[in-house]
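Just below is one structure, and these are the notes that go with it.
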Amino acid sequence: MIDYDQIALEYARHRQVHPGALRSLLSTSRVDRASKVLEVGCGTGNYIVTLEALVGCSCWGIDPSGQMLSRARERSRTIHFQLGQAERLDFPQDFFDLVFSVDVIHHVGDRLAYLQEAHRVLRAGGKGCTVTDSDWIIRHRQPLTVYFPETVEIELGRYPRIAELRDIMGQVGFDEITEDTVEFAYPLTDVQAYRDKAFSALLLIPEDAYRRGIERMERDLHAGPIQCVSRYLLLWGTK
C-alpha cells in the first residue's frame, strides 16, 4: 500500500495542473463566482487552488492524507480543506455546482458509494466529473509506459474501466454522460520527478525495473529533450 503522507513533498514539488484538463473543467462546468466547487482527493491542491484563482468561486477540497492537506493549506487560506473519504462526503444534499476528482478514482475502494455521494451533494443541474485514464491512455503514456513498461499491467489492474464508471454513473442517477479526452505535448528536460518517484506507479514496480527505466531516461536525455504527451479522459455527468 502506498503511504501518501510519505510522498506529499514529492507531489507538491513535481505534480502540476494538466492544461487540457483544466480547460475542460472550466468550459464544461461553466462555474462562476457564485458557484460552489468540491474536489475529491485534492492532494496538495493543484486543481482546486487554480480554479479558485481563475474563477473566484467558493471551494472545498477533501483528502485522506493529512500531509497532502498540509501542503494544500500553504497555498490557500480561503479554500476549505478537510480530511475526508470519497465514499462519505460530509456535506449537505444539493450543495455543490461541481464535484470533481483528478487521477483519484483508482484509489477509491467503493466507487458506487462515492458516485452516489457525489450525486447526492450536487444541486439539480450540477456537474460531476471524473478525470482518469482509459486503457488506451495507460498503454500509450509518454514517457511512463515507454521507460517503465512494467507499470502497464499494474495500472490496468488499478484503474476502473470507463464502461464500468459510465454504468455506475447511470445507476446512481447521472444524466448526459459524456467523455472528453485531452492531451498536452511537452519536452522533458529533467527527470527529477521520476528519480523522486512522484508518480505512484513507480512505487509498485520492482526496483531493478525502476532502475533500468531511469538509466534509459537519463541516457536519452543526454541526446536532447524527451518528447512527451500527457493525456486524460474526463467523464462527465449531470444531476
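Every number in this text was worked out from the coordinates using simple rules, so none of it is lab data. On a predicted model such as this, the values are computed, not experimentally measured, just so you know. Counting neighbours? That spans all protein chains shown, and the Cβs are built from the backbone with ideal geometry, glycine included.
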Potential extension, Arg23-Ser70 segment - 0.36 nm per residue separation minus Cα distance | 14.3 nm
What are the residues whose amide H is under 5 Å from the amide H of Phe81, where those residues sit 5 or more places off or on another chain and H is modelled from the backbone?
-> Gly61
According to a simple spin-label model (label point 7 Å from Cα along Cα-to-Cβ), what is the distance in nm between Thr50 and Arg161?
-> 3.1 nm
What is the packing order of peptides 97-105, 57-65, taking the mean over residues of other C-beta atoms within 10 Å and listing the highest first?
-> 97-105, 57-65
Of all DSSP beta bridges in the stretch 8-238, what percent run antiparallel (nearest 5)?
-> 55 percent
What is the packing order of peptides 18-29, 118-129, taking the mean over residues of other C-beta atoms within 10 Å and listing the highest first?
-> 118-129, 18-29
If you build a Gaussian network model of the chain, linking Cα atoms that sit under 10 Å apart, which residue out of Met68, Met217, Met169 swings the most?
-> Met217
Using 1/(1 + (r/R0)^6) with R0 = 41 angstrom and r between the beta carbons of Asp220 and Gln171, what's the FRET efficiency to the nearest 0.05?
-> 0.35
Is it possible to state the helix-based mean residue ellipticity at 222 nm for the chain, with each DSSP H run of 4+ residues giving -39500 (n - 2.57), the sum divided by total residues, to the nearest 500 deg cm²/dmol? What is it?
-> -11000 deg cm²/dmol
Place a +1 charge on the Cβ of each Lys and Arg in the chain and a -1 charge on the Cβ of each Asp and Glu, then give the dipole magnitude about the Cα centre in debye, rounded to the nearest 20.
-> 520 debye
